[in-house]
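S.K.: If you scroll down you'll find the structure; I have some questions about it.
The values are calculated or read from the model by the stated rules, or taken from the named source; none is laboratory data. Since the structure is predicted, the reported quantities are computational estimates derived from the model, not experimental observations. Cβ atoms come from the backbone with ideal geometry, glycine included; neighbour counts cover every protein chain shown.
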């Protein structure tokens, strides 16, 4: 089941690339994009653990909700439909997003 | 021996620590559990507040409840979270290991909050899991099997509705039964603990997934209102405009709403003075009482309404969840000068008072980010500057309206606030490019769901602020007023004196000594005198001016409103110069002490004092000269 079915956002706002299956960093996604986290990479310092502790973990569903005005920064991201987290694009680079598949497929992806 | 019997025999009460992620409703739960029986102290060495309170369980245990700072993980990232970690691990000095930990989680966000519980469970200490905000979860159709969760975890699990007394009954019962079977023998043994690795955190995530699959009966529908509100409030264009409008409304309210209570306080002070003046014999004591203490303290108490209104707004914004949105909207602008969006919250608090603002910077993990925020916090116009602003604006700015209904006086006030803000941003940018270059902290900040502010939380917060302010009046300000009265009364003028009495006093001497230094920025000796006690606390300067002018005139001048006196005896250029001075001048010993405590060095306190002093002098000089050139003499 598509967890994001019935959202108010118009379908045109959905990001094609995120749905098309190409993995890309969270920092590249546009507003309204949905996807599943494929990997959380080291990044600088303790960014990895910080991201993991805020719920950015492999397999979690995300949706890009809002941007700031200047430089479209920071970004507000909904994680698993129940928590919204704000982060800067520089940190969002560390989160790799893939298409929104069902759980088993996502697990398969991350184990390869 | 159990904690219960210990308590019954008059030993220390059993102690329970409330631990939970931010936005889990932990503080609301704490307030409901302990009611008004709370006290706030500081942990030694740091200014993290230690909030504790007493509660009586149904079967009569007295329990001390500790409200620990919110934290997503025991891996502390800020000084605040470090306290939580150290208390829970028994590492905190002067704090024994709690007898039990109550882990408070938001029932609507268990997927994120249960991870902290798993970390706590590793410690092997008595533990209770609270699923808070159960009413909201149920309203969204979310069903959780408490029994299944309790069985899987092997610890007591209770649901609470922290806003209602009846909503915490289960928790109280669980605390009772836990205390009945827990021994308190394990005193003061610190627990071994290592920071979880990224892999360990991922393992916790998987464990939470597994737990939820067996315990969550139905997930319910996600909340819609917050999404819809954020669409407007976080809109790239509308969002910042709304924030600006909110701040403008807040400052307008500070002035218009506070007018009536301020009049009442003023009337009572004047009434008291008149009553004493007719009923007391002419003496030095009478002068001390009326001109020194009552005039001085009264001149400061009058600002309590404004301080409370400002804090009311801040508490409402914080409790409703909007404050993090403000931080989101401000982050980019602030990161341009090397600050973190999180710095917005301490800086906004600094508008009420720099001290709680500086204390609030402990949520900023990165030391450099934090230091810059501390150093610019005093540039936010604190409420202690309001007395000076209000006095001078009332005396020199006409009460007309411009641009269709905006009060000119309010507009000037807004301008003064804006000057402080711009100054702060410039200083931050310069510091970040020179002395304090270096890395920054990631933003990573939860935007919690909006909720109606909780009345108890807001009222207790306000009460706390009022108490701190009144204590300040009772101690620092009262003693300064007595000292100032002494300085301005003795020695008595010589026979055949031609100048007012105060001219010959100690205060007059100090003022006249400083006068040449302050003459280039347009200050007369009366201002110079008022600045001396004003160095201890800004608002004292108004009371000091009152004393200086009341004592230097004849009987009639005492009852004359200070406003009128100033309007007659100062030029516009002098008034504007003093306003500019007050935007920057570091006239608050308590703030400098707080900076020393937070940065753990006098060096930074001295640095702050020096740079602010230079800014103040330069700003006042430019203002005075420009005003003179434009005919404001």
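S.K.: I'd like to check which helices (runs of 4 or more DSSP H) are fully inside segment B:502-613 and have at least 3 residues that are in contact with a helix residue (DSSP H, G or I) (Cβ under 8 Å, 6 or more places away or on another chain) and at pLDDT 85 or above.
M.R.: Per the criteria, B:506-518, B:572-584.
S.K.: Ok, one more. Determine whether residue B:237 is without any contact (Cβ under 8 Å) to a residue 24 or more places away in the chain, facing chain A (nearest Cβ under 9 Å) and farther than 20 Å from residue B:413 by Cβ.
M.R.: The answer is yes for residue B:237.
For every residue, the table says whether it meets (1) within 14 Å of chain A (Cβ to nearest Cβ); (2) out of contact with any strand residue (DSSP E or B) (no Cβ under 9 Å at 6 or more places or on another chain); (3) at negative phi.
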{"residue": "B:273", "(1), (2), (3)": "no, yes, yes"}
{"residue": "B:279", "(1), (2), (3)": "no, yes, yes"}
{"residue": "B:326", "(1), (2), (3)": "yes, yes, yes"}
{"residue": "B:355", "(1), (2), (3)": "no, no, yes"}
{"residue": "B:358", "(1), (2), (3)": "no, yes, yes"}
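S.K.: Now for a separate question. Among the residues of segment B:281-303, is any surrounded by 19 or more Cβ atoms within 10 Å (Cβ to Cβ), in contact with a helix residue (DSSP H, G or I) (Cβ under 8 Å, 6 or more places away or on another chain) and within 28 Å of residue B:27 (Cβ to Cβ)?
M.R.: yes
S.K.: Is it the case that segment B:268-285 has a residue that's within 30 Å of residue B:325 (Cβ to Cβ) and touching a residue at least 40 places away in the same chain (Cβ under 8 Å)?
M.R.: no
S.K.: A follow-up question, please. Report whether or not residue B:453 is without any contact (Cβ under 8 Å) to a residue 60 or more places away in the chain and either within 14 Å of chain A (Cβ to nearest Cβ) or closer than 30 Å to residue B:222 by Cα (or both).
M.R.: Here the answer is no, as residue B:453 does not meet what is asked.
S.K.: For residue B:138, indicate whether it is assigned to a helix (DSSP H, G or I), on the phi < 0 side of the Ramachandran plot and surrounded by fewer than 23 Cβ atoms within 10 Å (Cβ to Cβ).
M.R.: Judged against the criteria, residue B:138 is a match.
S.K.: So, in segment B:243-264, of the ones that are modelled with pLDDT of 85 or more, in contact with a helix residue (DSSP H, G or I) (Cβ under 6 Å, 6 or more places away or on another chain) and part of a helix (DSSP H, G or I), which residue ends up surrounded by the fewest Cβ atoms within 10 Å (Cβ to Cβ)?
M.R.: Here the answer is B:261.
S.K.: Considering only segment B:363-415, state which residues are within 30 Å of residue B:601 (Cα to Cα) and not in a helix (DSSP H, G or I).
M.R.: If the condition is that a residue be within 30 Å of residue B:601 (Cα to Cα) and not in a helix (DSSP H, G or I), then B:364, B:365, B:366, B:380, B:381, B:382, B:383, B:384, B:385 are the ones that fit.
S.K.: Looking only at segment A:50-71, filter to residues that are surrounded by fewer than 22 Cβ atoms within 10 Å (Cβ to Cβ) and part of a helix (DSSP H, G or I); which one of those is farthest from the other protein chains (Cβ to nearest Cβ)?
M.R.: Here the answer is A:71.
Listed here are the residues, each with its yes/no results for (1) over 16 Å from residue B:518 (Cβ atoms); (2) under 18 Å from the mean Cα position of the chain (by Cα).
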{"site": "B:574", "(1), (2)": "no, no"}
{"site": "B:581", "(1), (2)": "no, no"}
{"site": "B:588", "(1), (2)": "yes, yes"}
{"site": "B:591", "(1), (2)": "yes, yes"}
{"site": "B:600", "(1), (2)": "yes, no"}
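S.K.: Follow-up question, since we're still on this one. Show the residue pairs that are 6+ apart or on different chains and have beta-carbon atoms under 6 Å apart, the first residue being within segment B:613-633 and free of Cβ contacts under 8 Å to residues at least 40 places away in the same chain, the second being assigned to a loop (DSSP other than H, G, I, E, B).
M.R.: B:616/B:585
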